[in-house]
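Take a look at the structure set out below.
The values are calculated or read from the model by the stated rules, or taken from the named source; none is laboratory data. This is a predicted model, so every value here is computed, not measured. In this analysis, Cβ positions are derived from the backbone assuming ideal geometry, glycine residues included, and neighbour counts consider all displayed protein chains. Heads up: the accessible areas ignore ligands, DNA and RNA and are worked out on the full protein's heavy atoms, side chains in. Shrake-Rupley method; radii C 1.70, N 1.55, O 1.52, S 1.80 Å.
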Amino acid sequence: MKTSWRSASLVASAAAVLALTTACGQEQGTPSSAQNVGATAVAGGYGTSTTAGAGNGYGADSKDQSAAAKPEVAGQLAVTESVKLGKVLTDGAGFTLYRFDKDTAEPPKSSCDGACATAWPPVPAEGAEAAAGVDKALLGEVTRADGTKQLTIGGWPMYRFAKDTKAGDANGQGVGGTWFASAPNGKKATLAALPGLSVRNDPKLGQIVVDKNGMTVYRFMKDQAWPVSKSACTGACLEKWPAVAPVPASDTKGVQKKGLMGFTRPDGVKQMTVNCWPIYTFSGDSAPGDTNGQGVGGTWYAVSPDGKPVGAAK
């Protein structure tokens with residue numbers, strides 16, 4: 001692998017709702033805002049996956065083995081926000097750090113040696129520094145079978161993955177059902193429970209509304225908001241663009257409260273609105289962060305915190 005770790009750059013309920021909001025058709029308020037990585041896992045082995053490649057059976061091919069030949073120091077650790085995994089621990093160069101389920105934290109012990117350590121280079125303990133969001137008391141070390149000292153977080157030995165070639169990559173997530181990106185406390189990184197509706201900063205679209213699963217929320221330009229909310233998406237359309245169910249205003253974050261309510265469609269389906277506009281998710285989005293529905297047919301657009309269609313022609 002030609003890219004070294006050191007040279008990589010930093011990439012870097014409807015009634016309750018109605019009681020808390022105003023009727024549709026009122027003047028909209030000022031929008032508010034809020035802030036809101038992975039291979040398919042397969043069982044067995046140390047890291048065979050359809051994404052990472054079978055290779056030597058550890059998730060990396062022989063051509064990736066140079067990564068373990070000269071271990072790079074972790075440097076200043078950092079916490080990055082992953083759309084799919086939440087808070088993820090990275091090294092000073094922005095590379096994802098992993099933990100191995102076959103290791104132990106009490107006491108700290110690494111079970112990854114030989115070819116495994118080639119595919120998953122252990123992170124040296126020397127030179128590692130805690131960063132904001134990382135409890136310094138959780139940093140430790142474990143002596144490996146070869147006598148070297150490996151960094152531990154919360155007792156868990158830390159590794160990089162040979163197939164991560166640039167900062168921000170997390171190709172090792174879920175590999176073999178045993179390798180997972182590390183959270184700042186050494187536990188497995190997971191997407192924290194989100195409110196019913198919240199706001200995410202999308203790198204291309206800016207601030208957009210997402211549901212409790214982190215899925216992008218959309219508006220249909222053929223719908224109606226005033227004087228009453230009305231959806232023009234029925235039948236097969238509703239199968240492709242599922243209606244977002246009503247959520248209490250108290251279970252939202254960063255979304256404009258005025259016009260934030262639910263309504264019952266003629267087909268009996270209860271649907272949520274933002275600024276009185278019916279909202280949907282898209283069946284073509286398979287993971288949090290996807291925005292495959294953006295601009296479809298020139299009528300579907302992601303929703304801004306004030307209910308406007310992001311990127312729609314004015």
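Brief remarks follow.
- Test: residue 228 is part of a loop (DSSP other than H, G, I, E, B) and loosely packed, with under 13 Cβ neighbours inside 10 Å: yes
- Residues in the range 137-179 that are open to solvent by 40 Å² or more (accessible area, probe 1.4 Å), within 24 Å of residue 114 (Cβ to Cβ) and of a type outside the set (Ser, Thr, Tyr): 8 in all.
- Within the range 89-113, if we keep just the residues that are among the hydrophobic types (A, V, I, L, M, F, W, C) and over 21 Å from the mean Cα position of the chain (by Cα), the residue that is farthest from residue 163 (Cα to Cα) turns out to be 105.
- Among the residues of the range 109-148, the one identified as over 23 Å from residue 171 (Cα atoms), out of contact with any Lys or Arg (no Cβ under 7 Å at 6 or more places or on another chain) and hydroxyl-bearing (Ser, Thr, Tyr) is 148.
- In the range 247-277, the residues that are open to solvent by less than 30 Å² (accessible area, probe 1.4 Å) and either farther than 19 Å from residue 200 by Cα or assigned to a helix (DSSP H, G or I) (or both): 249, 259, 261, 262, 265, 271, 276
- Residues (among the aliphatic types (A, V, I, L, M) and under 15 Å from the mean Cα position of the chain (by Cα)) located in the range 209-236: 209, 210, 215
- Between 96, 104, the distinction of being farther than 30 Å from residue 206 by Cβ and β-branched (Val, Ile, Thr) belongs to 104 only.
- Among the residues of the range 278-288, the one identified as in a loop (DSSP other than H, G, I, E, B) and open to solvent by less than 10 Å² (accessible area, probe 1.4 Å) is 279.
- Residues that are open to solvent by less than 30 Å² (accessible area, probe 1.4 Å) and more than 18 Å from residue 222 (Cα to Cα) within the range 289-305 comprise 289, 305, listed in sequence order.
- Residue count, the range 94-108 (criterion: farther than 17 Å from residue 175 by Cβ and surrounded by fewer than 17 Cβ atoms within 10 Å (Cβ to Cβ)): 3
- Criterion (in contact with a strand residue (DSSP E or B) (Cβ under 6 Å, 6 or more places away or on another chain), open to solvent by 20 Å² or more (accessible area, probe 1.4 Å) and within 24 Å of residue 289 (Cα to Cα)) met by exactly one of 79, 83: 79
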